[in-house]
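Here's the structure we're looking at; comments come further down.
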Amino acid sequence: MTAAKKTAIVVAPGRGTYGKGELGSIARLHGARFGDIIAGFDAQRRERGQPTVSELDGADRFSVATHMRGDVAAPLIYTATLLDWFSIDRDRYDIVAVAGNSMGWYSALALGGAVSVEDGFRIANAMGLNSQTHGPGGQILVQIVDEDWRPVPGLRASLLALVADIAARPGHALALSIDLAGMLVLAGNEEGLAALLAEAPPTPGRDPLRLAGHGPFHTPLMVGSSDKAKVELPPALFGMPDLPMVDGRGHIWRRFSSNPWGIWDYTFGHQILAPYDFALSVQVAVKEYAPDVIILPGPGDTLGGAIAQALIGIEWQGIAGKADFMARQAADPILLSMGRPEQRALVTG
């Protein structure tokens, strides 16, 4: 008698997840089984005169200057995520919905079946380049939870009030970029970022951190990227999804009733120019689909904390803090990170 399948939502990671520890992982984990898919992605890169996924993954050493650049990071992350998706044991898991974080939305489009595997790579690859089409600026990561991952009272509100105040000053641009539950990513031009670093209230844990190689994503400063995407990547690439997809507004694109043009317009419009509410996307997905587990494909597992903090934000299944989450993970894991070998084994069979 076979055990009943567990229901799962799959959350695709975004930028910053393919790091030094992931170098060589695509070939090691997937080369034997998915060599044909990797070869197809390599061919797309070769046609554009870009170094291939295999060359980048197979480099002798990890280079921050090379591997963290958008036009390199995006195809590596998409490939790792997609091949992990194909590695999930479907006899054990019934996947009921997908979501993603920021660049992970492009992966989610392919996981959800709104675009083909090949066109998903084309989109991720093009947007890796397009993400470098913006005015000067970048992103800063700010922690807003205490050591038990509970919100510090009033900190979010005071930070967002400061952001609004700075944004109103002449020559300053600053806005919420990504809501990661326990952390906020704030983005703007150099003047806006400098003012934030100078005036930010004390934050728990780490000091505000400037993210290397990141532009002012999910703000109006990315309008060049949005315009370029809409010219290069036509609506014809998009169809109706096979699985529900939860986007960066917490909106669900459902099977059979989603307008492919609408998905295209969101992907290359709002998704690029307005804040990405990752915490809300996870919260909507678990409330709507009540999964037994959340599967986080690779590369890496840095998004695990944000997923846990999103669950804590709604006290999902009584998880009200870090201690609760860790106890649950030890007894009956709710989050399975494929970047962790012991949890990967639970997912791949």
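The values are calculated or read from the model by the stated rules, or taken from the named source; none is laboratory data. Please read these numbers as outputs of a predicted model, since none were measured by experiment. Note that each Cβ is placed from the backbone with ideal geometry, even for glycine, and that neighbours are counted across all protein chains shown. To get the accessible areas, we keep the full protein, side chains included, count just its heavy atoms, and leave off ligands, DNA and RNA. Shrake-Rupley method; radii C 1.70, N 1.55, O 1.52, S 1.80 Å.
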Test for TYR78: is it aromatic (Phe, Trp, Tyr), in contact with a Lys or Arg (Cβ under 9 Å, 6 or more places away or on another chain) and over 23 Å from SER258 (Cα atoms): no
Answer from PRO241, PRO208, PRO235 - the residue that is touching a helix residue (DSSP H, G or I) at 6+ places or on another chain (Cβ under 8 Å) and open to solvent by less than 20 Å² (accessible area, probe 1.4 Å): PRO241
Positions within the range 180-190 being part of a strand (DSSP E or B) and either surrounded by fewer than 24 Cβ atoms within 10 Å (Cβ to Cβ) or among the aromatic types (Phe, Trp, Tyr) (or both), in sequence order: MET183, VAL185
Yes/no for LEU176 being of a type in the set (A, V, I, L, M), surrounded by 12 or more Cβ atoms within 10 Å (Cβ to Cβ) and more than 17 Å from GLY137 (Cβ to Cβ): no
Cβ-Cβ under 8 Å pairs, at least 6 apart or on other chains, the range 55-73 side at pLDDT 85 or above, far side in a helix (DSSP H, G or I) and open to solvent by 30 Å² or more (accessible area, probe 1.4 Å): LEU56/THR66; ASP57/ALA27; GLY58/ALA27; ALA59/THR66; PHE62/LYS20; ASP71/LEU129; VAL72/THR66
Search result, residues across the range 37-93 that are acidic (Asp, Glu), under 18 Å from ILE123 (Cα atoms) and more than 19 Å from the chain's Cα centre (by Cα): ASP42, GLU47
Test: residue in the range 192-205 that is open to solvent by less than 60 Å² (accessible area, probe 1.4 Å), touching a residue at least 60 places away in the same chain (Cβ under 8 Å) and over 20 Å from HIS172 (Cα atoms): yes
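Conditions tested, residue by residue: (1) at pLDDT below 95; (2) out of contact with any Gly (no Cβ under 7 Å at 6 or more places or on another chain); (3) β-branched (Val, Ile, Thr); (4) closer than 16 Å to THR7 by Cα.
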| residue | (1), (2), (3), (4) |
| --- | --- |
| LYS230 | no, yes, no, no |
| MET240 | no, yes, no, no |
| SER257 | yes, yes, no, no |
| TRP261 | no, yes, no, no |
| THR267 | no, yes, yes, no |
| HIS270 | no, yes, no, no |
| LEU273 | no, yes, no, no |
| ALA290 | no, yes, no, yes |
| VAL293 | no, yes, yes, yes |
Listing of helices (runs of 4 or more DSSP H) fully contained in the range 216-331 that carry 1 or more residues being small (Gly, Ala, Ser): 223-232, 260-268, 278-289, 304-313, 322-331
Residue among TRP253, TRP264 that is farther than 30 Å from GLY192 by Cα, open to solvent by less than 70 Å² (accessible area, probe 1.4 Å), in contact (Cβ under 8 Å) with a residue 12 or more places away in the chain and in contact with a strand residue (DSSP E or B) (Cβ under 8 Å, 6 or more places away or on another chain): TRP253
Residues satisfying the stated conditions in the range 332-349, i.e. part of a helix (DSSP H, G or I) and not hydrophobic (A, V, I, L, M, F, W, C): PRO341, GLU342, GLN343, ARG344, THR348
Tally, over the range 191-214, of residues that are out of contact with any Gly (no Cβ under 6 Å at 6 or more places or on another chain), in a helix (DSSP H, G or I) and of a type outside the set (A, V, I, L, M, F, W, C): 2
Among the residues listed as ALA181, ALA198, the single one being under 30 Å from ALA327 (Cβ atoms) and among the small types (Gly, Ala, Ser): ALA181
Tally of residues being open to solvent by less than 20 Å² (accessible area, probe 1.4 Å), at pLDDT below 95 and basic (Lys, Arg) across the range 1-47: 0
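Let's see how each residue does on (1) closer than 25 Å to PHE325 by Cβ; (2) not hydrophobic (A, V, I, L, M, F, W, C):
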position: VAL98; (1), (2): yes, no
position: ASN101; (1), (2): yes, yes
position: GLY104; (1), (2): yes, yes
position: ALA108; (1), (2): yes, no
position: GLY120; (1), (2): no, yes
position: PRO153; (1), (2): yes, yes
position: SER158; (1), (2): no, yes
position: PRO170; (1), (2): no, yes
Candidates PRO297, PRO341, PRO333, filtered to the one that is in contact (Cβ under 8 Å) with a residue 40 or more places away in the chain and open to solvent by 10 Å² or more (accessible area, probe 1.4 Å): PRO333
